[in-house]
Amino acid sequence: MPHVTLLAQQTKAVQVRNVFCIGRNYAAHIAELGNRPEEDPVVFIKPTSALHPPGTPIVLPAHSRDVHYEAELVLLVGQGGKNISEDKALKHIAGYGLGLDLTARDLQTKAKQSGLPWAVAKGFDCAATVTQFVPAEHVEQPHHIEFQMHLNGQLRQHGDIRKMLFPIPFIVHYLSKVFTLQEGDLIFTGTPEGVGALNGQDTVRLVMPGLIDVEFTVN
């Protein structure tokens, strides 16, 4: 079964149940794609077969000619629940990691123009690439998390979750109203501006200063 690694005192593998993703959560990213903000979070789901951990190259899909990276903060749910209140939401998070919501932009654009679902553009193998996860208790200020994405040694994205339109507690609360969250669920929280194309032989580095520093190669 697909799993992610939680870097606890005794590193352990956590089985992944569902992969939830939040779209349009940073105003500057909304603007760069010519979209508009929504009153409620834009939610979509990736299959667990899209999950790709560190250690092997990212393989680009053959069905797209324009795959984009979207670096994001990813939450690992440790305690499931239904109708979780915002004031208790952080207690349900077991760990924080970074991920790439890979998007076949050409196929997504075509689907959006036709009013069709995004599954083919968002759910291919490696489309949910993730780092290891840092235990929640090791993140002293989860409301102030910042992260970086470097492409071939150049900084391309800088995420500051204080700029999220929907903050972490609200995301957990909102998702738990619609879905029963389960231990092992992953939540991609949205990408900041600076997205762009990936190509074979690229190197992607994801950094959460002092906690995560992981590099992926692209085939």
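Quick check on the stretch 108-116. Is at least one of its residues at pLDDT below 95 and buried (at least 16 other Cβ atoms within 10 Å of the Cβ)? Walk me through how you get there before you give the answer.
Restricting attention to the stretch 108-116, the residues satisfying the condition of being at pLDDT below 95 are 108-116.
Going one step further and asking which of them are buried (at least 16 other Cβ atoms within 10 Å of the Cβ), we end up with 108, 111.
Yes, the conditions are met somewhere in the stretch 108-116.
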Exercise. Look at the stretch 152-193 and say how many of its residues are surrounded by fewer than 19 Cβ atoms within 10 Å (Cβ to Cβ) and on the phi > 0 side of the Ramachandran plot.
Key: 2
Quiz item: Does at least one position in the stretch 164-173 carry a residue that is touching a Gly at 6+ places or on another chain (Cβ under 9 Å), outside any loop (DSSP other than H, G, I, E, B) and not hydrophobic (A, V, I, L, M, F, W, C)?
Solution: no
Quiz item: For the stretch 74-95, what are the residues that are within 18 Å of H52 (Cβ to Cβ) and not hydrophobic (A, V, I, L, M, F, W, C)?
Solution: G95
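Step by step: first the residues of the stretch 1-19, then only those that are assigned to a strand (DSSP E or B) and touching a Leu at 6+ places or on another chain (Cβ under 6 Å), then the one that is surrounded by the fewest Cβ atoms within 10 Å (Cβ to Cβ). Which residue is that?
K12
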Practice problem: Keeping to the stretch 131-145, report how many residues are farther than 18 Å from G78 by Cα and surrounded by 16 or more Cβ atoms within 10 Å (Cβ to Cβ). | Solution: 1
Quiz item: From the residues in the stretch 195-217 that are over 26 Å from G34 (Cβ atoms) and β-branched (V, I, T), which one is surrounded by the most Cβ atoms within 10 Å (Cβ to Cβ)?
Solution: V207
Practice problem: Take the stretch 125-144 and flag every residue that is within 14 Å of the chain's Cα centre (by Cα) and not hydroxyl-bearing (S, T, Y). | Solution: C126, A127, A128, V130, Q132, F133
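Taking strands (runs of 3 or more DSSP E) that do not extend beyond the stretch 29-134, which have at least 1 residues that are among the small types (G, A, S), under 18 Å from V195 (Cα atoms) and in contact (Cβ under 8 Å) with a residue 60 or more places away in the chain?
Those strands (runs of 3 or more DSSP E) span 71-77, 93-101, 128-130.
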Quiz item: Is it the case that H143 is without any contact (Cβ under 8 Å) to a residue 40 or more places away in the chain, within 22 Å of A27 (Cβ to Cβ), not in a loop (DSSP other than H, G, I, E, B) and not charged (D, E, K, R)?
Solution: yes
Self-check item: Subset of the stretch 48-106 [within 15 Å of H143 (Cα to Cα) and surrounded by fewer than 18 Cβ atoms within 10 Å (Cβ to Cβ)]
Solution: E86, D87, K88, L90, K91
Quiz item: Restricting attention to the stretch 168-194, which residues are among the aliphatic types (A, V, I, L, M) and in contact with a helix residue (DSSP H, G or I) (Cβ under 7 Å, 6 or more places away or on another chain)?
Solution: I168, V172, L181, I187
Practice problem: Filter the stretch 179-205 down to the residues that are assigned to a strand (DSSP E or B) and out of contact with any Asp or Glu (no Cβ under 8 Å at 6 or more places or on another chain), then identify the one that is farthest from E70 (Cα to Cα). | Solution: L181
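Scan the stretch 146-157 for residues that are in a strand (DSSP E or B), out of contact with any Asp or Glu (no Cβ under 7 Å at 6 or more places or on another chain) and over 20 Å from G95 (Cα atoms) and jot them down.
Within the stretch 146-157, H150, Q154, L155, R156, Q157 meet the criteria.
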Exercise. Determine, yes or no, whether A128 is small (G, A, S), surrounded by 14 or more Cβ atoms within 10 Å (Cβ to Cβ), closer than 21 Å to H3 by Cα and modelled with pLDDT of 95 or more.
Key: yes
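The values are calculated or read from the model by the stated rules, or taken from the named source; none is laboratory data. Note that the coordinates shown come from a computational prediction; the quantities given were computed from them, not determined experimentally. So basically every Cβ, Gly included, is an ideal-geometry build from the backbone, and we count neighbours across all protein chains shown.
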